[in-house]
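The values are calculated or read from the model by the stated rules, or taken from the named source; none is laboratory data. A quick note: this is a predicted structure, and the numbers were derived from the prediction, not measured. For neighbour counting, all protein chains shown are included, and Cβ atoms are generated from backbone atoms with ideal geometry for every residue, glycine included.
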Amino acid sequence: MVGLRMKKMLLLMAVVLCWGSLPVCAADWAGLADRAVFLSARDAGLLESKPDKTLGDLYQLTIHYYRHYDHDRLVALFEETKDQYPADSEARVLEAIILMRDHRHAQSRAVLDRVLARKPDFHPAKIVLAHLLYLQKDFEGAYGIARELLADRNELSTYHHLVSLLIAAGARGILAKRKPLTAIGAYFEVTGYFRRARRLLPESAEYLYGQGSYYLLTPRVAGGDLELAVELLERSRRLTPRNAPVYVRLAQAYRARGDQEACRHYLAAAARIDPNDELLLDDQSGAKAFLDVP
């Protein structure tokens, strides 16, 4: 009887401890991701000022800074917590994001591969991997991972659901350009992704950038709209002024409108933010693997 009571007491204590540190024990990463999307600057500052951050705190701040392209704070967060969480997947995803944003793609991929070898269904790592593959112009790989995530969408946060839709749409659109015979099917697939994304977070910088890019890169006969592209991209830029790619897309839009001065202005702004940005270099080289105005 005493042994049974002791077991019940220990179980109750474990439940209480997990409840008190929910982000670590319950690992409600979907809920934490959605909380991070609506994190105010004040709340982010409060989390940032905590001397002993939980994994949940680290995860929310990672998403917050990732969405706002705040590379310096991502690096500072990693430096602060790397000894506290030397092997945790959440901290390793933060490391992979930093490496990806530093254009150290092979190192970022190696970190993500190690995380996914341990936790194959860790959605945050899979999302970053899809983003990384897209930047590496492996559009088939990015599309495949995004589709895998969408097949498991009930397990995703709203935020990760949105990003999966946008990566799938972007990669599928580029692949359709390479295989014109698939263009009609791709059109319905991509527009379907954007309809779903709009229902999730229609005022997010990610959605505005993705939808604006769609209107920019799609022929008018298939729904392209240069003026609407500029409007949406400008709204995205105001929300994420550190996002170099949105300046490149705006430069392409203004170039298509014949406004070379505005084009040069936005390309220069992108170069100041990140001279090694993949989309910027692609535009400068003339390769246009990420496409341009048709």
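Some observations on this one:
- Per the conditions (1) in contact with a Cys (Cβ under 7 Å, 6 or more places away or on another chain); (2) surrounded by 22 or more Cβ atoms within 10 Å (Cβ to Cβ), the sole criterion not satisfied by Arg255 is (2).
- Those helices (runs of 4 or more DSSP H) of segment 201-294 in which 1 or more residues are among the acidic types (Asp, Glu) occupy 205-217, 226-239, 260-273, 278-285.
- Every residue from segment 274-290 that is touching an Asp or Glu at 6+ places or on another chain (Cβ under 7 Å), surrounded by fewer than 18 Cβ atoms within 10 Å (Cβ to Cβ) and among the hydrophobic types (A, V, I, L, M, F, W, C): Ala289
- Filter result for the condition that a residue is crowded, with 22+ Cβ neighbours inside 10 Å and without any contact (Cβ under 8 Å) to a residue 40 or more places away in the chain, over Ile184, Ile145: Ile145
- Test: residue in segment 154-164 that is surrounded by fewer than 22 Cβ atoms within 10 Å (Cβ to Cβ), modelled with pLDDT under 95, outside any loop (DSSP other than H, G, I, E, B) and not hydroxyl-bearing (Ser, Thr, Tyr): yes
- Of everything listed in (1) part of a loop (DSSP other than H, G, I, E, B); (2) surrounded by fewer than 19 Cβ atoms within 10 Å (Cβ to Cβ), the single unmet condition for Arg73 is (1).
A quick yes/no check of all residues on (1) in a helix (DSSP H, G or I); (2) surrounded by fewer than 16 Cβ atoms within 10 Å (Cβ to Cβ):
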{"position": "Tyr59", "(1), (2)": "yes, no"}
{"position": "Tyr66", "(1), (2)": "yes, no"}
{"position": "Leu77", "(1), (2)": "yes, no"}
{"position": "Glu80", "(1), (2)": "yes, yes"}
{"position": "Gln84", "(1), (2)": "no, yes"}
{"position": "Ala87", "(1), (2)": "no, yes"}
{"position": "Ile97", "(1), (2)": "yes, no"}
{"position": "Met100", "(1), (2)": "yes, no"}
{"position": "His103", "(1), (2)": "no, yes"}
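Okay, residues lined up against (1) within 15 Å of the chain's Cα centre (by Cα); (2) modelled with pLDDT of 95 or more; (3) in a helix (DSSP H, G or I):
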| site | (1), (2), (3) |
| --- | --- |
| Val24 | no, no, yes |
| Ala27 | no, no, no |
| Ala33 | yes, yes, yes |
| Ala36 | yes, yes, yes |
| Asp43 | no, yes, yes |
| Glu48 | no, yes, yes |
| Gly56 | no, yes, yes |
| Thr62 | yes, yes, yes |
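- Sole residue being within 18 Å of Tyr214 (Cβ to Cβ) and either assigned to a helix (DSSP H, G or I) or touching a residue at least 24 places away in the same chain (Cβ under 8 Å) (or both), chosen from Ala171, Ala110: Ala171
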